[in-house]
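Remarks on the structure that follows.
Computed from the coordinates by the stated procedures, all read-outs in this text should not be read as laboratory data. Everything quoted here is computed from the prediction, not taken from an experiment. Neighbour counts run over all protein chains shown; Cβ positions are idealised from the backbone, glycine included.
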Amino acid sequence: MPLLAFLVALAVGALVFGTLERCHGAPRGRPERGVDVTYAFLGPLLVRPVTRGITIVVAVLAFAIAHGTLDRDTLRAAFEAPTWLDAFPRWARVLGILVVADGLGYFAHRLFHRGGVLWRAHAVHHSSEHLDWLASFRVHPLNELLGGLARVIPLLLLGARPGELAFLLPFLAAHALLLHAHVPWRFGPLRYLIASPAFHRWHHSVERDCNYAGLFPVWDLLFGTFHLPEELPERTGTRDRVPRALLAQLAHPFRRR
């Protein structure tokens, strides 16, 4: 994303989500806001280009292994060849890829919570005790890289095309910001179909271990991790000792306990 477009998107996000949060009693200022703003800039300007490049390299290697060749022309022909997904109309392909990608993300998310290096990388995201839309940017590069690979590689091998969901990316990005917003929305009868801010706030609670899906709560319903009572959690954050400074957070996954 060009710098100007990113700055405009960030300003619009601040206006929209900041207004919504203040209407629901969120404070104007909070600790560690500067850290989250830095993450917001690091993501599109530095982290995402690097992780995207690594993902492309790993995806090509996985595709080459699956087809038993490193010949560029052969791989290109195999990549451009029709797949079984092409038999479905585009809306069905998009919906299917969304559901599968969210399912892959659900299981990857649960692995991140199992402990070790994966948890220490993910704990950086959970370290925000003042959850709001800006805290959604606090994602460790290792978390972003491995989480992306967990979706992209299986989808590629299943026959999905990387650009299939490109037109949905702005809506998915806005939904991710909304999930972390300081609003009590539960989405009423749609709460079992689409992840809501209240649903995700319980995931960030220090009191529960639940709600791993990023888009479709059906995964949590299927595997017994759904939790959405009428009230909101009293505390968000993590019991782990995660550093507050940016550089220390980036080093956190690689430190010995």
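Observations, loosely collected:
- Protection-proxy order for peptides 25-37, 81-93, each taking the mean of Cβ atoms within 10 Å per residue, highest first: 25-37, 81-93
- Cα-based helix-to-principal-axis angle, 116-126 vs the chain, degrees rounded to 10: 50 degrees
- Surface/4 estimate of mean projected area, convex hull on alpha-carbon atoms of the stretch 1-78, nm²: 8.0 nm²
- Placing a label point 7 Å from the Cα of ALA66 along the Cα-to-Cβ direction, the residues of the stretch 78-98 whose backbone N falls under 18 Å of that point are 78-88, 93-98.
- Rg followed by Dmax, in Å, when the stretch 133-186 is reduced to its Cα trace: 13.7, 39
- Zero-based 5 Å bins, Cα pair distances in the chain, whole percents: 1, 5, 12, 16, 18, 17, 14, 9, 5, 3, 1, 0
- Selection from TRP219, THR69, ALA248 lying farthest towards where the dipole of the chain points positive, charges on Cβ: ALA248
- Rounded to 10°, Cα long-axis angle of helix 3-23 versus longest principal axis of the chain: 40 degrees
- Rough spin-label spacing in nm, given labels placed 7 Å along Cα→Cβ, for TYR192 and ALA251: 4.9 nm
- The angle separating the long axis of helix 169-180 from the principal Cα axis of greatest extent in the chain is about 30 degrees.
- Given R0 = 41 Å, the distance between the Cβ atoms of TRP185 and ALA81 translates into a calculated FRET efficiency of 0.40.
- Rh by Kirkwood over Cα pairs, then Stokes-Einstein D for the stretch 78-158 at 1.567 mPa s and 4 °C, µm²/s: 89 µm²/s
- Expected-Rg normalisation [2.2 N^0.38 Å, Cα atoms] applied to the stretch 133-223: 1.17
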